[in-house]
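Q: Before I ask anything, let me first share the structure, which is written out below as structure tokens.
What follows draws every value from the coordinates through simple rules; no lab data is involved. Small disclaimer: the values here were computed from a predicted structure and weren't measured.
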Amino acid sequence: MSAKETKDSAPSGSAGEHAPTELSERRSSILEAVVAEYIQSAQPVGSSHVVTSTDLKVSPATIRSEMAQLEQEGYLTQPHTSAGRVPTDKGYRFFVDHLAAPSSTPAPQVKEVRNFFDQIHGEMEHVLEESSNLLANLTSYASVVVAPGHTTTSIASVQLIALSSTSVLVLVILTDGTVERSTVDLGSAVEAEIVAEASTLLTATYKGAELQALTATPTSPSAEVQRVLTAVSGPLSLLSSDAGEAQVFVGGPSKLADAFDAVETVRSVLSILEQQLVVVSLLRDVLSSGLSVAIGHEHGYEPLASCAVIVAPLEIDGKAAGAVGLLGPTRMQYPAAMAAAKAVGQELSERLSTLGHEVDH
């Protein structure tokens, strides 16, 4: 299923586009109490809870009347089997935009995030994968890290490493810290000196160039060197053709069973997460500027109608370079989840910038 087939005609979600009209202070307090309690309990909330959890000096009858008005205006809905009410997407939107100020990341989480990025080492792909797992563990929701494609990066070096007399490992090191590798069978034995000469020529030819340059095979007056160059030209050309594809790293899919009540919803979310093109499209549609939240039908992906999506941008040296996201139920812990996504996004952006500078030098 393509992104276009999965996504319906509803607009993508961001706080500015979907902000409901203002509510009175009393109705805002009542709505906040209902949303906060429903997020915690997943049970319809009655007027008795609102009376005991707010400082409103009004009678239970007045609370019930105001809740009925909130229902009429589309902020709450009442399940047929319950006297209590639950928030609608519109109710959650008002809560996120007006009542749930993004919380400061708790000190233990700040320490965990900083320790993680202080200690993690390795290539960019490893950092991205482990970052998705970190965000999932911080929030107990499924997380997604969408890395940028390589269209804005260049080649730092191309290296050939002899694995045997007849095979070489091709390493393409990019300025964003990515290392692409491929094993190539040379067909017959080649001396190590010939491999080294071909490796030097490849780096001299491609260093500083964009990936598209890999489609042109350099030439050498040595027939043996040329044979090696020709043998590795296929994998190099293939890397060039994949330059614009974003990488997707998913963390915490096993947490979905605990986050959602309906098994069918879990299956739908897992199905979406397995489709890289759809995930990239989803996060790009939601992300406008800064931290964004899309609730329920706002993101326009019908299989995720009971989900909320939180997205924070990734930047490399101040330029847009992917995103981190969280997928959870609409009754997710919005302030904490928003803070966690922002913290991981900022730290990961700094690490990606650092990786790029390390390669440059």
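Q: Among A162, A321, A343, which one shows the biggest mean-square fluctuation in a GNM of the chain, springs joining Cα atoms closer than 10 Å?
A: In this elastic network of the chain, the residue with the biggest mean-square fluctuation among A162, A321, A343 is A162.
Q: If you consider only alpha-carbon coordinates, what radius of gyration and Dmax does the chain have, in Å?
A: Radius of gyration, then largest Cα-Cα span, for the chain: 25.9, 93 Å.
Q: Can you list, bin by bin at 5 Å, the percent of alpha carbon pairs in segment 13-99, starting at 0?
A: 3, 15, 30, 26, 17, 6, 2, 0
Q: Helix 263-273 against the longest principal axis of the chain: what's the angle in degrees, Cα atoms only, rounded to the nearest 10?
A: 30
Q: Specify the angular offset, from 0 to 90 degrees and rounded to the nearest 10, of the alpha carbon long axis of helix 60-72 from the longest principal axis of the alpha carbons in the chain.
A: Orientation of helix 60-72: about 50 degrees from the principal axis.
Q: Sticking with this structure for a sec: If each DSSP helix of 4+ residues adds -39,500 (n - 2.57) and the sum is divided by the residues in the chain, what number results at 222 nm, nearest 500 deg cm²/dmol?
A: My calculation for the chain gives -14500 deg cm²/dmol from helical runs alone.
Q: Taking Rh as the Kirkwood radius, which is the inverse of the mean 1/r over Cα pairs, what is the Rg/Rh value for segment 155-241?
A: Result for segment 155-241 is an Rg/Rh of 0.93.
Q: Sticking with this one: Using the structure shown, list the pairs from K111/K342; K90/K319; K57/K342; K319/K342 with a Cα-Cα distance above 26 Å, or answer none.
A: Too far apart for the 26 Å limit: K90/K319; K57/K342.
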